[in-house]
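Please treat every number below as a calculation from the coordinates, not as lab data. Since this is a predicted model, take the numbers as computed values, not measurements. Here Cβ is always computed from backbone atoms with ideal geometry, including for glycine, and neighbour counts include all displayed protein chains.
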Amino acid sequence: MAKEISEENVQSAIAQVKHPAIDRTLVDLKIVKEISVNDNKVSVIMAFPFPNIPIGDMLVNSIKEPIEKLGAEVEVEITKMTEEELEGFLAMEKESWKGDI
């Protein structure tokens, strides 16, 4: 029997996933906005600072892989950060920038 997947399992699985160019996790940067679990299906809403960011697919995959390892089916919805979220993101980016990808 498959292990039941909980929101806590998912949060633990993605808690250490870092942005490739900013020394912060995607959770800290508020890129991972919302997680919901229904049986073994996990829905994640990710908020990007700008539409069509070049590393969008990379960021989505970096979140999907650890969740899929839990045995879950993953659905990701992409949205744009609010102005307030963007301000926080840009401040953390400036503080923790580590270079090009």
Failed item, numbered, when Val10 is tested on (1) more than 22 Å from Glu95 (Cβ to Cβ); (2) part of a loop (DSSP other than H, G, I, E, B): (2)
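Here's the yes/no breakdown for (1) outside any helix (DSSP H, G or I); (2) more than 11 Å from Ile5 (Cβ to Cβ); (3) under 12 Å from the mean Cα position of the chain (by Cα):
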| site | (1), (2), (3) |
| --- | --- |
| Val42 | yes, no, no |
| Met46 | yes, yes, yes |
| Leu59 | no, yes, yes |
| Ile63 | no, yes, yes |
| Leu70 | yes, no, no |
| Val76 | yes, yes, yes |
| Thr79 | yes, yes, yes |
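Please work out which residue is surrounded by the most Cβ atoms within 10 Å (Cβ to Cβ), limiting yourself to segment 55-91 and to residues that are aliphatic (A, V, I, L, M) and more than 14 Å from Ile14 (Cβ to Cβ). Even if it seems obvious, please write down each step before you answer.
To start, the set of residues in segment 55-91 that are aliphatic (A, V, I, L, M) comprises 55, 58-60, 63, 67, 70, 72, 74, 76, 78, 81, 86, 90-91.
From what is left, the residues that are more than 14 Å from Ile14 (Cβ to Cβ) are 55, 58, 78, 81, 86, 90-91.
Working: Ile55: 14, Met58: 12, Ile78: 17, Met81: 20, Leu86: 16, Leu90: 12, Ala91: 10.
Among residues in segment 55-91 that are aliphatic (A, V, I, L, M) and more than 14 Å from Ile14 (Cβ to Cβ), the one surrounded by the most Cβ atoms within 10 Å (Cβ to Cβ) is Met81.
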Check on Asn52, surrounded by fewer than 12 Cβ atoms within 10 Å (Cβ to Cβ), among the polar types (S, T, N, Q) and more than 16 Å from the chain's Cα centre (by Cα): no
Residue under evaluation Met46, criteria (1) in contact (Cβ under 8 Å) with a residue 40 or more places away in the chain; (2) surrounded by 14 or more Cβ atoms within 10 Å (Cβ to Cβ); (3) not hydroxyl-bearing (Ser, Thr, Tyr), criterion not met: (1)
Which listed residue is polar (S, T, N, Q), out of contact with any Phe, Trp or Tyr (no Cβ under 6 Å at 6 or more places or on another chain) and without any contact (Cβ under 8 Å) to a residue 40 or more places away in the chain, from Asn9, Asn38: Asn38
